């Protein structure tokens, strides 16, 4: 156990985390990204078509996975890749063998191949789409947007009634306001979530930093406009638009409870790699700090807190709201470009400030009966949305 690391975080935000940790051990209920394959059928600008690190395919048996997951009282399995729907047969066997809540994060190109009886088993489906047709196709390849829209319409017709989430990747030069608003107004998705692209903050970034800093300014301005739109929509319609980062943070602001790392990596969220090793984070699977065990020799209850965020996050004045944003970025700071960490943090601080400013009006909408506090109780469990972009 990383007791010392946890104690440091507990001192940083007070006693609120003590009860959180106690719950994590008394009732094991965790989320597992299961990487079905590292292969991908697309070659997106910010990714490159899967991972080259071996092994690319599952090496353990489904009975091994079942034995490990069965130690958890209420497991969530999220199929991940690469592109998980390249291995639909393996996915089906796992869904037949294991009792769990199921989630999938997919590029959406093969959703039409999922049989109705398996669609009905999914609680949530996260589909990678980056906004408008122009933005999505420029990042992912011509024709991707239309295929996604066709397929999500088809899965609804075939019986999928769960949470359908547009999961955006936001590279430099994205107009965040226009692209989030586009997806929200489609009414095809229940929720919209986004994550800033890692590649622009690495040491190998393509520009000298000035262009990135200017874009961060425009991104923050877009967030301000989105928050204004979000609150106005609530006032006019009495409904909370499904903007995941806003809902997740506002939930904390309304209830006043501190939050740990919101994606759950290393806390109640782990990734099972093709060779059976367990990573605290699905992005940092090739880094030693992230490997916390194996399905062959670890029990779910003893994985918690083996990888935790550290400074500068733990001393930050918004740590109890942000939770540290990203375990990988926090632990790999030396790989970032100059001022990269500061730029990332500036986006988080801006988003939280804007939501803090909006909170009084939202409380008024609740007090006047336009909204209910339960409207902000999302997500009901960790389903792969990092919350903090």
message: On the basis of being in contact with a helix residue (DSSP H, G or I) (Cβ under 9 Å, 6 or more places away or on another chain) and farther than 30 Å from residue 80 by Cα, does residue 330 make the cut?
response: no
task: Look through 133, 115, 121 and report the one residue that is over 18 Å from residue 30 (Cβ atoms) and touching a strand residue (DSSP E or B) at 6+ places or on another chain (Cβ under 6 Å).
output: 121
message: Among the residues in segment 176-185, are any assigned to a loop (DSSP other than H, G, I, E, B) and within 23 Å of the chain's Cα centre (by Cα)?
response: no
statement: When segment 256-275 is checked residue by residue, the ones that are outside any strand (DSSP E or B), on the phi < 0 side of the Ramachandran plot and either touching a helix residue (DSSP H, G or I) at 6+ places or on another chain (Cβ under 8 Å) or free of Cβ contacts under 8 Å to residues at least 12 places away in the same chain (or both) are 257, 258, 259, 260, 261, 262, 263, 267, 268
query: Where in segment 1-97 are there helices (runs of 4 or more DSSP H), lying wholly inside it, with at least 2 residues that are farther than 17 Å from residue 308 by Cα, touching a helix residue (DSSP H, G or I) at 6+ places or on another chain (Cβ under 6 Å) and at pLDDT 95 or above?
result: 62-69, 88-97
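Condition check ((1) at pLDDT 95 or above; (2) buried (at least 23 other Cβ atoms within 10 Å of the Cβ)) across all residues:
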site: 109; (1), (2): yes, no
site: 141; (1), (2): yes, no
site: 160; (1), (2): yes, no
site: 170; (1), (2): yes, yes
site: 180; (1), (2): yes, yes
site: 187; (1), (2): no, no
statement: Subset of segment 144-175, residues in contact with a strand residue (DSSP E or B) (Cβ under 8 Å, 6 or more places away or on another chain), assigned to a helix (DSSP H, G or I) and either in contact (Cβ under 8 Å) with a residue 60 or more places away in the chain or over 19 Å from residue 102 (Cβ atoms) (or both), comes to 148
task: Give segment 260-282 a look and list any residue that's modelled with pLDDT under 95 and either surrounded by fewer than 21 Cβ atoms within 10 Å (Cβ to Cβ) or over 14 Å from residue 384 (Cα atoms) (or both), or say none.
output: 260
Residues within segment 329-356 that are part of a helix (DSSP H, G or I), in contact (Cβ under 8 Å) with a residue 12 or more places away in the chain and out of contact with any strand residue (DSSP E or B) (no Cβ under 8 Å at 6 or more places or on another chain), tallied: 14
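Does residue 373 satisfy the criteria of being crowded, with 16+ Cβ neighbours inside 10 Å and touching a residue at least 12 places away in the same chain (Cβ under 8 Å)?
So residue 373 fails the test.
The values are calculated or read from the model by the stated rules, or taken from the named source; none is laboratory data. Note that the structure is a prediction, hence the values are computed from the model and not measured. As a convention, Cβ positions derive from the backbone with ideal geometry for all residues, glycine included, and neighbour counts pool all protein chains shown.
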